[in-house]
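Just passing along the structure, written as structure tokens.
The values are calculated or read from the model by the stated rules, or taken from the named source; none is laboratory data. These numbers come from a predicted model, not from an experiment. Cβ sites come from the backbone with ideal geometry, for glycine too, and all protein chains shown count toward neighbours.
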Amino acid sequence: MSKFFAAALLAVSCLWAGAPTEPSERALRLLKEGHRELAGLRTSRYDHWTSVDEAQGRYDFDCSGFLDYALGRVDSEGLAQLPITSKSKQRPLAQDYFHFFEELPEAGTAPWKPVRHARNLKAGDVVAWLKAADSDSHNTGHVMLVCEHAYPNPQRADEILVPILDSTMSPHAEDSRTKGQNGLGRGLIGILVDSVGRPHSFRWKGGQSKVPVATNIAFGRLE
């Protein structure tokens with residue numbers, strides 16, 4: 001690490017206020033479940049229809065399928081609170097996570113509470129965004145599990161870097177999925193924030209993507 005980079009990182013760290021505390025027991029269970037699936041992974045495929053064989057280490061699902069499956073195993077109450085708008089899938093999709101988190105009151109709706117600022121994201125939280133207005137994707141958006149505390153990008157003052165677990169067709173920065181591999185994995189995204197810390201855009205490859213994507217973003221936390 002260069003002296004300049006180390007100094008910049010230290011300066012940002014010193015200015016970093018409101019550092020997140022450790023995850024709640026519920027959030028920790030969800031986090032451990034995500035890591036358990038990743039550790040047991042032998043094959044994975046991004047698929048809109050969930051198909052899991054734990055004995056074979058096969059995890060085939062899309063982004064919301066991953067969260068739905070994980071919540072179903074460790075927090076059925078948290079899963080039951082989420083709305084279901086898709087008649088064909090009959091389970092929460094990315095847009096359902098987003099709208100639920102966006103509409104949460106400050107006091108929360110047990111067992112969920114909102115997280116309003118990207119800088120406060122910590123391991124076990126959930127990030128959801130809607131499909132961008134100019135996107136031709138058939139997906140409703142994207143949803144991910146935060147696997148480590150978020151931290152500021154020392155080279156971009158408005159970007160918060162967030163390590164996540166998700167199921168995707170395209171890898172993120174610092175990704176565990178090799179070239180041409182999709183499905184379950186770990187990567188790094190970037191959340192761009194305004195002057196008061198509210199999210200407004202994302203970089204699919206945190207710290208790397210040249211063009212940010214503007215869309216609606218919301219965060220939720222199990223308490």
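State which residue pairs qualify: first residue on the phi > 0 side of the Ramachandran plot and at pLDDT 95 or above and inside the range 110-128, second residue assigned to a loop (DSSP other than H, G, I, E, B) and surrounded by fewer than 20 Cβ atoms within 10 Å (Cβ to Cβ) in any location, beta carbons under 8 Å apart, and separation of 6 or more residues or different chains.
G124/S24
Continuing with this model, one more query. (1) modelled with pLDDT under 95; (2) closer than 24 Å to S51 by Cα; (3) not charged (D, E, K, R): which one isn't true of V143, the others all being true?
(1)
Part of a helix (DSSP H, G or I) and not polar (S, T, N, Q): does that describe A55?
Considered against the rule, which asks whether it is part of a helix (DSSP H, G or I) and not polar (S, T, N, Q), A55 comes out as no.
Within the range 175-223, which residues are of a type in the set (K, R), surrounded by 17 or more Cβ atoms within 10 Å (Cβ to Cβ) and either assigned to a strand (DSSP E or B) or at pLDDT below 95 (or both)?
Those that are of a type in the set (K, R), surrounded by 17 or more Cβ atoms within 10 Å (Cβ to Cβ) and either assigned to a strand (DSSP E or B) or at pLDDT below 95 (or both): R186, R203, R221.
So in the range 96-122, with the set limited to residues that are assigned to a loop (DSSP other than H, G, I, E, B) and touching a strand residue (DSSP E or B) at 6+ places or on another chain (Cβ under 6 Å), which one is farthest from V196 (Cα to Cα)?
Across the range 96-122, the extreme among qualifying residues is P111.
I've got another one for you. Within the range 157-168, identify whether any single residue is at pLDDT below 95 and either surrounded by fewer than 23 Cβ atoms within 10 Å (Cβ to Cβ) or under 28 Å from T50 (Cα atoms) (or both), and answer yes or no.
Yes, some residue in the range 157-168 is at pLDDT below 95 and either surrounded by fewer than 23 Cβ atoms within 10 Å (Cβ to Cβ) or under 28 Å from T50 (Cα atoms) (or both).
Working only within the range 180-208, note down all residues that are β-branched (V, I, T) and either under 13 Å from R119 (Cβ atoms) or touching a Leu at 6+ places or on another chain (Cβ under 7 Å) (or both).
Scanning the range 180-208 gives I191, V193, V196.
Filter the range 123-146 down to residues that are within 19 Å of L192 (Cβ to Cβ) and surrounded by fewer than 21 Cβ atoms within 10 Å (Cβ to Cβ) and give me whichever is farthest from the chain's Cα centre (by Cα).
Out of the qualifying residues, it is D134.
When you scan the range 68-93, how many residues do you find that are in contact with a helix residue (DSSP H, G or I) (Cβ under 6 Å, 6 or more places away or on another chain), in a loop (DSSP other than H, G, I, E, B) and surrounded by fewer than 16 Cβ atoms within 10 Å (Cβ to Cβ)?
Count: 2.
Would you pick out the residues in the range 123-148 that are part of a strand (DSSP E or B) and in contact with an Asp or Glu (Cβ under 8 Å, 6 or more places away or on another chain)?
Once the filter is applied, which keeps residues that are part of a strand (DSSP E or B) and in contact with an Asp or Glu (Cβ under 8 Å, 6 or more places away or on another chain), the range 123-148 yields H142, V143, M144, L145, V146.
On to the next question. Would you pick out the residues in the range 13-38 that are more than 18 Å from F61 (Cα to Cα), assigned to a helix (DSSP H, G or I) and at pLDDT 95 or above?
Result: E25, R26, A27, L28, R29, K32.
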